Amino acid sequence: MKTKNGSRTEVQEKIGVYVCHCGSNIAGTVDVADVARWAAHLPGVVVSRDYKFMCSSPGQELIGKDIKELGLTRVVVASCSPHLHEATFRGACERAGLNPYLFEMANIREQDSWVTSDKAEATKKAKALVAAAVSRVAHQQPLEALLVPIDANVLVVGGGIAGIQAALEIADSGNHVYLVEREPSIGGHMAQFDKTFPTLDCSACILTPKMVSAGNHKNITLLTWSEVEKVEGYVGNFTVTIRKKARFVDEALCTGCGVCQEKCPKKVIDDVFEAGLGYRKAIYTPFPQAVPNYPVIDHDNCTYFQKGTCKACEKFCATGAIKFDQVDEILTVKVGNIILATGYDLFDARKVSNYGYARLPNVFTSLEMERLTNASGPTGGKIVLRDGVTQPKSVGIIHCVGSRDRNYNNYCSVICCMQSLKFAHLVHERTGATVYNFYIDIRTPFKAYDEFYQKVLEEGTLFVRGKVAEVTDAARLPSEEGRLIIQAEDTLAGKQRRIPVDMVILSSALEARADSKEVAQKFGISCSADQWFIEKHPKLDPVATMTDGVFIAGTCTGPKDIPASVAQGAAAAARVLSIIGQGQIQIEAATAIVNEETCVGCQQCIASCPYQAIVYREDKGKAYVNEALCKGCGTCVGSCLPKCISLKHFTDEQLVAEMIGAMHTMKEFELIPMEVAA
Amino acid sequence: MTDRLTSLREAIEAVLPNVDGVLALRIGPGGISASHLFSKEHPEDLAKLALWPKEPVPDTLKIILRAHPDAKLAIVCRGCEERGIVEMFKHAQLNLDNVTLIGLQCEQAEAEFCRCAKPFTVHSKTTVGQSIKGVPDPVTEKIAAMSQPERLAFWKQEFEHCIKCYGCRTICPQCFCNVCTLEDEKWVETGRLPMANPSMYHLIRAMHMTAKCVACRECEETCPADIPLAVQFRLMARDVKELFNYEAGAVMDQKPPQLLVLEEGDYERSGLPH
Amino acid sequence: MTTEPKIIGFLCNWCSYRGADGAGMARLKYPPNIKIIRVPCSGRVSPELVLRTFREGADGVMVLGCHIGDCHYSTGNHRTAKRMPLLKKLLEYTGIDSERLYINWVSAAEGEKFASVIRDFTEKISTLPPFRETMK
Ligand code: SF4
Ligand code: SF4
Ligand code: SF4
Ligand code: FES
């Protein structure tokens, strides 16, 4: 074909056009027969038909038959949205031996017949859309989807319950897992809890067996006291750099006897595991059931490291496992998939200064409360005031601290209601104290939750509906003297109340990890405005991310309870196993490609790629697209001034041709020879 | 006080022993200046050292470095030329490891000739001459103050004069691509003069110069049709500064903002719907 | 005015194109002037492509993408949010009504918004003389 502007002659394509009636969905508004008749005269079109239901088997066979009998080299179907049936028709072409990328769809239903009232107008628009597709399809190129092999090893980041679950599922299937945990032991927040709602089983009792299996599993390499430093590569093929922080304890020699911790003279407030309520030593395992059971030396608090003398632990260690000269180790592992289960941080209740946390001694956070009620906690499970001896006679539990509050977090932290009810029950059971719950709404969905609420109500816990204004120790009446007064509007009674109590528990919000943005960047995924990791689809793909091969599970995607976290851990594992099972994975065929000959090496494309999919080859002075990393957004194309990078299946030629096709039929409603860009 | 030419000569003489050559201007027949590589082998050349009229030296530097990647060079550059060198460096067109910059500060008359807002260097360690403040650009201001129909009519008339010699593109130190979008039929219609309005050639070129134009005004100087080409580039540069706080040639390791993610406040300033 | 404006819309595949589909599914009516071209991401729309569309005689060009933060490609639309306002400025400096280039964000769930955005834009462009004529 001789184009108006250039002299390039092209191989004449044989294009087939199929206009669908979609029953009356299209045919009711668009004169489909007229469109098909008209389209037959477009350049390159050798056959043009209209048919009742193109997506039906006979419809698809029609295309296949024409491809085979008429030797069609391009196919256009004018019907519904490509989001509905592009895959269907691509399949029909492929089965008939035509590369699926030589197919194009004109959306004359969602974007024409359903939105246009006038039949003549709708028909006219359908012609423009068909002309655009015909014009575009002539420029389309066959593409082959790239297959990359999958490394069966998996990285799980975060050894809380979600991460442990994921690791176990994968390890049990016979694939190897590297389980990386920042703290000295796996277990996560769940290890700190006493009872789990609503069943009230002992958290440690149900968690420890899982921790032990993860620790002993032949297919799990446990890397505690370790952090991921760098991630390179793409699905099936990641190279991960991990920093194994110095423990100053030789794991091969340590027997976990604990004598070092006994002998260490340095007591340190345990801010992490005991939430600041208890002590540990400078050499410590966070809790007795820790997995692995090797201690770590807290460098900053160790007398030897700070003052140069002590080494008590070394003297008493029978196996000589203490190694003061140990240094951080850098490991590189290769994995095919990654599951992030990095958990949450607790909202810092000090921010709500009117609740007095850290100022008024008997205001506790929920995590402190977990430790107080825990039989292996600092008080042996006794619920007492900050003085360590006095049992409270009345306790106020405040819900939604830092949640559902415009000043902090808009979202609901999901677990606080149930957690508060659990505390109410435990306080009632162990101290007989009067318990007040201050709530905005009580949210108890899920199995047996509301029944638990009913039970707590029956136990006599008092509920005040209203947001607490303040917690204060400034008494106004003699009866308030020496107590904490909770001031709140009781919105059901419609009046202000001042309730004196001995103890206040703040049900603090769950927040995304303080460093979640950095972590997201490291793994190439994104965070929401609240910093939670974003799912590929919030409903239909909740554990996948936009980055192939990187999955998310548990509270790192948003607040959730233990069953949901476990389910997500298992779901992420299932997703990974299905990829491993395929052995190889197909990656986007419509990727960007650099024209090596013309690229000037200015690297503008590299700066603009959201996925770091383009690298600069110093030796050649050219840019190069890593097809496995490229997601096909085309952002780079707009950044390359000389247009040396193009996006396959969305090339400039194709888009310009499509636009011209649409424009020319828009201009004059008659057949115009297509003037297509050279 | 020594004059600029003498000071510059001294500055060149001072670096000459340490480098393979110093790129500066030499006066030729008919008072035309051209870039010249001064070397220690030919000290007599320095007698012909020149300051003005300015010539686009960054381009010459690039050509020499392409041929002799390991050469140790010094270059005499004015503010705009220094910015040009920085931009070329940022676009990986120049390796500055072995290049010494000798900054030449422009004088009032020169700055006024160029309507230059920044007639001084900022990166060069050695400088010659007194740095002066920028001067206003009345041409740009006049066009910016026009009403929309006036502006349309103005540019239509100006662009009608364009003979598509591609001179403005060719002389531009920032036009270093191997292939040029302006020569691609897909974007710019060929074989038609005067070109259709609006001129794709000038619109696309202005888009390409956004966050890239260093305001050297070489294009205007070279244009046989005397089109005030720098005006649009300067207006765009003003926006880039206001919207994204970016100036071409100012900071060595800054990427053009339109390639990067939105920063705090960018979106609010962009004028896009919320 | 009785002119029939010619409008081309470049819509990202993931949000705006689905939003347009949504308008269809809800049978919302809007003027037929717009012809939609599907691009993977609004970041794919280069200034050259927009300019070429005007050169073909479009009276208005729309670039619609996911809301900032929702781009299927994470930050593809950040580039749109920078390039397109600059292109609008350039049109303005050349004496072209920059309202002929329209940028907005329409999510897959915003069929209603899509329809109203199209109605408003078509109406707005209808009040302007045909682009080609203004260039004569
Ligand atoms: S198409 Fe998108 S993901 Fe691919 S290289 Fe270009 S900018 Fe990167
Ligand atoms: S922007 Fe274009 S010319 Fe520059 S490095 Fe990338 S592909 Fe090459
Ligand atoms: S130098 Fe002047 S005449 Fe030549 S292409 Fe540029 S604007 Fe047109
Ligand atoms: S995918 Fe919609 S704007 Fe990027």
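The values are calculated or read from the model by the stated rules, or taken from the named source; none is laboratory data. Only a predicted model underlies this, so the values are computations on that prediction, with no experimental measurement involved. No Cβ is skipped: glycine too gets one built from the backbone with ideal geometry, and neighbour counts run over all protein chains shown. The area values use the complete protein model at the heavy-atom level, side chains included, leaving out ligands, DNA and RNA. Shrake-Rupley method; radii C 1.70, N 1.55, O 1.52, S 1.80 Å.
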Positions within segment B:1-16 being open to solvent by 80 Å² or more (accessible area, probe 1.4 Å) and outside any loop (DSSP other than H, G, I, E, B), in sequence order: B:Glu10, B:Glu13
Every residue in segment A:591-603 that is open to solvent by 10 Å² or more (accessible area, probe 1.4 Å) and either in contact with a helix residue (DSSP H, G or I) (Cβ under 8 Å, 6 or more places away or on another chain) or within 16 Å of ligand 3 (Cβ to nearest atom) (or both), please. A:Val594
Those residues that are open to solvent by 20 Å² or more (accessible area, probe 1.4 Å), modelled with pLDDT of 90 or more and among the aliphatic types (A, V, I, L, M), I need them from segment A:532-578; list them, please. A:Ile562, A:Ala564, A:Val566, A:Ala567, A:Ala570, A:Ala571, A:Ala574, A:Leu577
Tell me, yes or no, whether segment A:581-590 has at least one residue that is closer than 30 Å to A:Cys416 by Cβ, more than 14 Å from every other protein chain (Cβ to nearest Cβ) and not aliphatic (A, V, I, L, M). no
Segment C:81-108 residues that are within 18 Å of B:Leu262 (Cβ to Cβ), paired with ones that are away from ligand 4 (no atom under 16 Å from the Cβ) and among the β-branched types (Val, Ile, Thr) (beta carbon under 7 Å, 6 or more apart): C:Leu86/B:Thr210
Across segment B:91-106, which residue is nearest to ligand 3 (Cβ to nearest atom) among those that are more than 14 Å from every other protein chain (Cβ to nearest Cβ) and under 23 Å from B:Cys213 (Cβ atoms)? B:Cys106
Only one residue in A:Ala529, A:Ala520 is out of contact with any strand residue (DSSP E or B) (no Cβ under 6 Å at 6 or more places or on another chain) and either assigned to a helix (DSSP H, G or I) or not basic (Lys, Arg) (or both). Which one? A:Ala529
With the requirement that a residue be open to solvent by less than 10 Å² (accessible area, probe 1.4 Å), more than 16 Å from ligand 4 (Cβ to nearest atom) and closer than 27 Å to A:Ser113 by Cβ, what does segment C:31-49 give you? C:Ile34
Please pick out the residue among A:Val656, A:Val637 that is of a type in the set (A, V, I, L, M, F, W, C), within 11 Å of chain C (Cβ to nearest Cβ), open to solvent by less than 10 Å² (accessible area, probe 1.4 Å) and more than 18 Å from B:Leu260 (Cβ to Cβ). A:Val656
Just give me the residues in segment C:50-73 being facing chain B (nearest Cβ under 9 Å) and either open to solvent by less than 10 Å² (accessible area, probe 1.4 Å) or within 15 Å of ligand 4 (Cβ to nearest atom) (or both), in sequence order. C:Leu51, C:Arg52, C:Phe54, C:Ile68
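Conditions tested, residue by residue: (1) more than 21 Å from A:Thr221 (Cβ to Cβ); (2) of a type in the set (D, E, K, R).
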{"residue": "A:Cys264", "(1), (2)": "yes, no"}
{"residue": "A:Asp270", "(1), (2)": "yes, yes"}
{"residue": "A:Thr309", "(1), (2)": "yes, no"}
{"residue": "A:Phe324", "(1), (2)": "yes, no"}
{"residue": "A:Val327", "(1), (2)": "no, no"}
Search result, residues across segment A:75-99 that are open to solvent by less than 20 Å² (accessible area, probe 1.4 Å) and touching a Phe, Trp or Tyr at 6+ places or on another chain (Cβ under 9 Å): A:Val75, A:Val76, A:Val77, A:Ala78, A:Ser79, A:Ser81, A:Pro82, A:Phe89, A:Ala92, A:Cys93
Return only the number of the condition from (1) surrounded by fewer than 24 Cβ atoms within 10 Å (Cβ to Cβ); (2) on the phi < 0 side of the Ramachandran plot that A:Val180 does not satisfy. (1)
Quick check on this structure: which one of A:Ala512, A:Ala448, A:Ala474, A:Ala488 is surrounded by 14 or more Cβ atoms within 10 Å (Cβ to Cβ), small (Gly, Ala, Ser) and at pLDDT below 95? A:Ala488
Any idea which of (1) surrounded by fewer than 20 Cβ atoms within 10 Å (Cβ to Cβ); (2) away from chain C (no Cβ under 13 Å); (3) within 13 Å of ligand 3 (Cβ to nearest atom) is the one B:Cys219 doesn't satisfy? (1)
In segment A:270-295, how many residues are surrounded by fewer than 21 Cβ atoms within 10 Å (Cβ to Cβ) and in a strand (DSSP E or B)? 3
Please indicate, with yes or no, whether at least one residue in segment A:413-425 is touching a residue at least 40 places away in the same chain (Cβ under 8 Å) and open to solvent by 30 Å² or more (accessible area, probe 1.4 Å). yes
Within 13 Å of the chain's Cα centre (by Cα) and farther than 30 Å from A:Asn362 by Cβ - does that describe any residue in segment A:497-514? no
Matching residues in segment B:175-216 - criterion: being open to solvent by 40 Å² or more (accessible area, probe 1.4 Å) and within 13 Å of chain A (Cβ to nearest Cβ): B:Cys175, B:Cys177, B:Asn178, B:Val179, B:Glu183, B:Asp184, B:Glu189, B:Thr190, B:Gly191, B:Arg192
Step by step: first the residues of segment A:610-653, then only those that are more than 16 Å from ligand 4 (Cβ to nearest atom) and of a type in the set (S, T, N, Q), then the one that is farthest from A:Asn595 (Cα to Cα). Which residue is that? A:Gln612
Only residues in segment B:259-274 that are more than 7 Å from every other protein chain (Cβ to nearest Cβ) count as the first member; pair them with residues that are crowded, with 17+ Cβ neighbours inside 10 Å and among the aliphatic types (A, V, I, L, M), Cβ under 6 angstrom, at least 6 apart or cross-chain, and list the lot. B:Arg269/B:Leu243
Hits in segment A:164-205 - residues which are free of Cβ contacts under 8 Å to residues at least 12 places away in the same chain and part of a loop (DSSP other than H, G, I, E, B): none
Tell me, yes or no, whether segment A:606-620 has at least one residue that is free of Cβ contacts under 8 Å to residues at least 40 places away in the same chain, near ligand 2 (Cβ under 9 Å from one of its atoms) and either acidic (Asp, Glu) or open to solvent by 40 Å² or more (accessible area, probe 1.4 Å) (or both). yes
Which condition breaks for A:Phe438 when tested against (1) of a type in the set (Phe, Trp, Tyr); (2) part of a strand (DSSP E or B); (3) open to solvent by 20 Å² or more (accessible area, probe 1.4 Å)? (3)
Taking B:Gln232, is it part of a helix (DSSP H, G or I), surrounded by 15 or more Cβ atoms within 10 Å (Cβ to Cβ) and more than 14 Å from chain A (Cβ to nearest Cβ)? yes
Please note which helices (runs of 4 or more DSSP H) are completely contained in segment C:36-136 and include at least 1 residues that are closer than 27 Å to B:His202 by Cβ and within 12 Å of the chain's Cα centre (by Cα). C:47-55, C:76-93, C:111-126
Tell me which helices (runs of 4 or more DSSP H) are completely within segment A:15-127 and hold 2 or more residues being under 38 Å from the mean Cα position of the chain (by Cα) and within 11 Å of another protein chain (Cβ to nearest Cβ), or say none if there are none. A:82-95
